[in-house]
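Here's the structure, in structure tokens; my notes come after.
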Amino acid sequence: MEKIAILCSGGDVSGMNPAIKRFVEYTYAKGMQPFFVYNGYEGLIDDHISEAHYEDVAGIMIRGGTKIRSARSVRFKEASYRAIAAENLRQKGISKLIVLGGDGSFRGMEHFYNETGIAFCGIPSTIDNDINGTDYCLGVDTALNVIKNAIDSIRDTASSFRRAFVIETMGRDCGYLALVSAITSGAEVCLIPEIPIDIHEYKGCFESQIRKGRDYFIAIVSEGLKNSSQVARWFEDELGFESRVSVLGHIQRGGNPSVYDRLMAYQFVTHAIDALQNGNNNSVICYTKSHFNFKSISEVALNPYTLDEALLTLGREQFAPSHCQM
Ligand code: F6P
């Protein structure tokens, strides 16, 4: 029986558990034997690899995080540790691997494949949605819903207290989470690396809004800008508005996976297993223009991600200080 393993690498996302469940079910359906690698590439090196069974995945559909845990491995960047990892797989007769992770994890896999011939398929998984070549990464929808709920709750207190709230979202250097959240929550301000805005340009417009009765502000700021406290201070110093910074932090990575992420997890894994069975040995399964397609690691991992132009245009229109309604 052919043997295939799955692992999670890098920041966990909600949707990994549904993917793991589908992996076990579909592997058996295809007449193969499924294995789990625990703790990402660290587990590959340390031989935390064991056979997976149906009962292991019972009830995990609704759980955030990952049952098989994840890690960021420094050791896997070294060829000597990759050789140990390959030997661990060979001893168990495992010749195929599915990797849920980001572009850094895929770059590691590219080296691994070239050195060992162990086939793999990557599934883009990061709440940052910053992987080139795919419109969607597993976990993004759940993260956006967690952020939406947080902003809606903060709006309740902001509107009761005459305050400005600066809400910082994750995303590393990518403004996707902040932009989509700002548009869909009706925020007054959205600051992301991809749309440079000088907050001072809002001053006249916001003063006019305050004169007409506005009594709270919501500003969404991407963590990549590292300026949430300065923005909060601007509301205090320039508008005389008491302000608070709310860093949403790791709650964005957790929570019960959304319906969309459960479905995407099932589809990503199904395509990944089919690809490996059909001899597609070294690719990432991407989702673009509502279709699944396979891309090479070089296409995915060697080029920087750029935010969708239509979304950026929407953001520029919505949040341009020159469009601010007095
Ligand atoms: O890449 C996912 C992510 O959650 C980023 O949005 C964030 O900057 C980073 O990981 C946080 O990393 P850590 O969990 O190591 O603090």
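The values are calculated or read from the model by the stated rules, or taken from the named source; none is laboratory data. Nothing here was measured: the structure is a model prediction, and the numbers come from that model. Note: ideal-geometry Cβ built from the backbone for every residue, glycine included; neighbour counts use all protein chains shown.
For region 238-326, please list each of the strands (runs of 3 or more DSSP E) lying entirely inside it that holds at least 1 residues being touching a Cys at 6+ places or on another chain (Cβ under 7 Å) and either at pLDDT below 95 or surrounded by fewer than 15 Cβ atoms within 10 Å (Cβ to Cβ) (or both).
Filter on region 238-326 gives 291-296.
Quick test for you: out of 178, 150, 158, pick the one residue that is buried (at least 24 other Cβ atoms within 10 Å of the Cβ), out of contact with any helix residue (DSSP H, G or I) (no Cβ under 6 Å at 6 or more places or on another chain), assigned by TED's automatic domain parsing to the domain that holds residue 244 and not polar (S, T, N, Q).
Working: 150 fails: buried (at least 24 other Cβ atoms within 10 Å of the Cβ); 158 fails: buried (at least 24 other Cβ atoms within 10 Å of the Cβ).
Only one candidate passes the filter, namely 178.
Specify which of the listed residues (86, 58, 71) is under 24 Å from residue 254 (Cα atoms) and surrounded by 15 or more Cβ atoms within 10 Å (Cβ to Cβ).
Numbers: 86 fails: under 24 Å from residue 254 (Cα atoms); 58 fails: surrounded by 15 or more Cβ atoms within 10 Å (Cβ to Cβ).
Of the residues listed, the single one that is under 24 Å from residue 254 (Cα atoms) and surrounded by 15 or more Cβ atoms within 10 Å (Cβ to Cβ) is 71.
For residues that are under 14 Å from residue 97 (Cα atoms) and either more than 16 Å from the ligand (Cβ to nearest atom) or of a type in the set (Val, Ile, Thr) (or both), tally how many sit in region 1-25.
Residues that pass the stated criteria total 10.
Of the residues 169, 142, which single one is crowded, with 24+ Cβ neighbours inside 10 Å and under 20 Å from residue 226 (Cβ atoms)?
169
Pick from 108, 101: which is surrounded by 16 or more Cβ atoms within 10 Å (Cβ to Cβ) and modelled with pLDDT under 95?
On the way: 101 fails: modelled with pLDDT under 95.
Sole residue among the options that is surrounded by 16 or more Cβ atoms within 10 Å (Cβ to Cβ) and modelled with pLDDT under 95: 108.
Which members of region 225-237 meet the condition of being within 16 Å of the ligand (Cβ to nearest atom) and either outside the structural domain of residue 162 (by TED's automatic domain parsing) or in a helix (DSSP H, G or I) (or both)?
Residues satisfying the conditions are 225, 228.
Would you check if residue 65 is more than 16 Å from the ligand (Cβ to nearest atom) and not hydrophobic (A, V, I, L, M, F, W, C)?
When the stated conditions are applied, residue 65 does not pass them.
Restricting region 111-130 to residues that are among the hydroxyl-bearing types (Ser, Thr, Tyr) and out of contact with any helix residue (DSSP H, G or I) (no Cβ under 7 Å at 6 or more places or on another chain), which is surrounded by the fewest Cβ atoms within 10 Å (Cβ to Cβ)?
113
With 137, 205 as the choices, which residue is of a type outside the set (Gly, Ala, Ser) and buried (at least 24 other Cβ atoms within 10 Å of the Cβ)?
That would be 137, the only listed residue that is of a type outside the set (Gly, Ala, Ser) and buried (at least 24 other Cβ atoms within 10 Å of the Cβ).
Would you confirm, using the coordinates I've provided, whether residue 245 is more than 19 Å from residue 126 (Cβ to Cβ), among the aliphatic types (A, V, I, L, M) and more than 16 Å from the chain's Cα centre (by Cα)?
yes
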